[in-house]
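The values are calculated or read from the model by the stated rules, or taken from the named source; none is laboratory data. The structure presented is a predicted model; accordingly, all values stated were derived computationally and were not measured. Note that we place each Cβ from the backbone using ideal geometry, even for glycine, and neighbour counts take in every protein chain shown.
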Amino acid sequence: MKTVLQSSVDETGQALIPEDLQGALAELDKVLPQSLKADIAARGSEGQHFALGEWIRNTWGLWGMGNTERDLALRKYFLLRGLTRADEMSRSVIEAYQFHLRGEPVIELPLLVGEDLQRALTRIAIPEFLRKYPD
């Protein structure tokens, strides 16, 4: 039986999209049932690509189909750290969540800088507002 996840919603009633990895972990804490948390703690992203991974990619805008900065906030977070594929992004969230559930430190990827950042931004087609470097 497949678990149906219900996302938290923002003040407009739209699905809440985390802005960064810590926000994603906090949101998963809220929406995942205990049984799925136990499975992730034990097995990480194994077996989650077409389940939780798909939900993360579709619900949190990792495919890059959104029209606003809000829709693509988490995608931008990962792009600025060198992850360009939605599958990589969702796997990164699930693997970080495994560490979080085990009480282990979650190490975030560093921001790309200089030529690496420019190369990443020009290699992929993204809206202009995503090209702004974070504050």
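Structure notes:
- Residue in region 10-17 that is touching a residue at least 12 places away in the same chain (Cβ under 8 Å), touching a strand residue (DSSP E or B) at 6+ places or on another chain (Cβ under 9 Å) and closer than 25 Å to ARG102 by Cα present: no
- Screening ARG123 with (1) surrounded by 11 or more Cβ atoms within 10 Å (Cβ to Cβ); (2) at pLDDT below 90; (3) basic (Lys, Arg) gives one miss only, at (1).
- Residue that is farthest from VAL9 (Cα to Cα) [pool: residues in region 91-118 that are without any contact (Cβ under 8 Å) to a residue 40 or more places away in the chain and small (Gly, Ala, Ser)]: GLY114
- Residue, farthest from PRO110 (Cα to Cα), within region 37-90, restricted to residues that are touching an Asp or Glu at 6+ places or on another chain (Cβ under 7 Å) and hydrophobic (A, V, I, L, M, F, W, C): ALA73
- Residue check, ALA41 touching a residue at least 12 places away in the same chain (Cβ under 8 Å) and under 16 Å from ALA73 (Cα atoms): no
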